[in-house]
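Shown next, in structure tokens, is the structure this report addresses.
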Amino acid sequence: MCIAVCPGQECVCLSAKRGPHPGTGITVTFLDASPGFPEGRGPGGTHPPVREEKPLLSPQKPGGLGGVEARPRPPSSPACSVAVSAVTSRGSQSKDPAPGAREVKSEGPKLVPFFKATCVYFVLWLPSSSPSWVSALIKCLPIFCLWLFLLAHGLGFLLAHPSATRIFVGLVFSAVGDAFLIWQDQGYFVHGVLMFAVTHMLYASAFGMRPLALRTGLVMAVLAGLYYALLYPGLSGAFTYLVGVYVAIITFMGWRAVAGLQLVGAAWRWTELAAGSGAVLFMVSDMTIGINKFCFPVPYSRALIMSTYYAAQMLIALSAVESREPVEDYRLSKAN
């Protein structure tokens, strides 16, 4: 690293490096960066300045503190201070834990109610053959806890970040859809499908359209077409069109979530990984519902559906913590 300082007609290049031994501290090098002259001659017939390196700290004489002795330093220029601070900050950053790990750890306690509510659902395991408001409440309780998880960050956070607000509203529609599906055998299956279709559109809007990732979208569209072809023989009446539209919507949501994953050659955030993983798990959950209802019975289908569903909702809610754009950036992007 080199910083050029030009007070007047001469330029001085400042560089900093660490000494070879632990006790030597940081060496600051003052190097004349003015134009060179023929060997042995400088301006006015004098020799050019000679490069000089002096450690700021040297091994201490007996009786010193900590094995080193601080030499008195001449008053340093602001540029020199910047050079030294840049080197020391670089060294300190390498020892700090990853920011994503710190954020995930800080969000963990807020998710404890969600994990407890999920355990209550699986421990009670109320039979789906006898729907009731109690079973609806137990099923929706983990989603209610995710509401509280987002609200724990403050209403100001939700109002300032449109993507986080859409995820929160999507969780509201998810809870309504869960309640409808409790009575799916009584004719409320379509109502639940419509609620979750709105949820996926809100999630897709929250994930945004950048980057586009057309290849990812094309691959997911092909897989969605194969899945619909698998379901098609078992579909009849309005379900032929309703399921097709729903498959297209959830595939679009999954595309927009996975498109944000750029793990190679680009800076990425842990929340984007959470969004992509959550969307894939959501698709696995809904695909299992479709196969179990319209194709053939899936062993342990309810356990597979609900475990992937709750994990998906938790990851998508977690992705809202580091929201993609503040309200100011959102308005600017809309204006452009």
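The values are calculated or read from the model by the stated rules, or taken from the named source; none is laboratory data. It should be emphasised that the depicted structure is a prediction, and the values quoted were computed from it without experimental measurement. For neighbour counting, all protein chains shown are included, and Cβ atoms are generated from backbone atoms with ideal geometry for every residue, glycine included. These area figures cover heavy atoms from the full protein model, side chains too; ligands, DNA and RNA do not enter into them. Shrake-Rupley method; radii C 1.70, N 1.55, O 1.52, S 1.80 Å.
Okay, residues lined up against (1) open to solvent by less than 80 Å² (accessible area, probe 1.4 Å); (2) under 22 Å from LYS139 (Cα atoms); (3) in a helix (DSSP H, G or I):
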| residue | (1), (2), (3) |
| --- | --- |
| VAL190 | yes, yes, yes |
| LEU194 | no, yes, yes |
| ALA197 | yes, yes, yes |
| MET201 | no, no, yes |
| ALA206 | yes, no, yes |
| THR216 | yes, no, yes |
| MET220 | yes, no, yes |
| LEU223 | no, no, yes |
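For ALA248, are the conditions met, namely being open to solvent by 30 Å² or more (accessible area, probe 1.4 Å) and on the phi > 0 side of the Ramachandran plot?
Details: open to solvent by 30 Å² or more (accessible area, probe 1.4 Å): yes; on the phi > 0 side of the Ramachandran plot: no.
Criteria not met by ALA248.
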Open item on the list: Which count do you get for residues in segment 119-155 that are in a helix (DSSP H, G or I) and either in contact with a Ser or Thr (Cβ under 9 Å, 6 or more places away or on another chain) or of a type in the set (A, V, I, L, M, F, W, C) (or both)?
Closed with: 24
Open item on the list: One residue is enough: does segment 120-141 have a residue meeting the conditions of a type outside the set (Asp, Glu), over 28 Å from GLY276 (Cα atoms), modelled with pLDDT under 55 and open to solvent by less than 40 Å² (accessible area, probe 1.4 Å)?
Closed with: no
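Taking the criterion of being within 17 Å of VAL190 (Cα to Cα), among the basic types (Lys, Arg) and open to solvent by 40 Å² or more (accessible area, probe 1.4 Å), would at least one residue in segment 267-281 satisfy it?
No: segment 267-281 contains no residue that is within 17 Å of VAL190 (Cα to Cα), among the basic types (Lys, Arg) and open to solvent by 40 Å² or more (accessible area, probe 1.4 Å).
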Task: Checking PRO97 against (1) under 23 Å from ARG269 (Cβ atoms); (2) in a loop (DSSP other than H, G, I, E, B); (3) at pLDDT 90 or above, the condition it does not meet - done: (3)
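Yes/no matrix, rows are residues, columns are (1) in a helix (DSSP H, G or I); (2) of a type in the set (Val, Ile, Thr):
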| residue | (1), (2) |
| --- | --- |
| LEU231 | yes, no |
| MET253 | yes, no |
| VAL258 | yes, yes |
| VAL284 | yes, yes |
| PHE296 | no, no |
| ARG302 | yes, no |
| SER307 | yes, no |
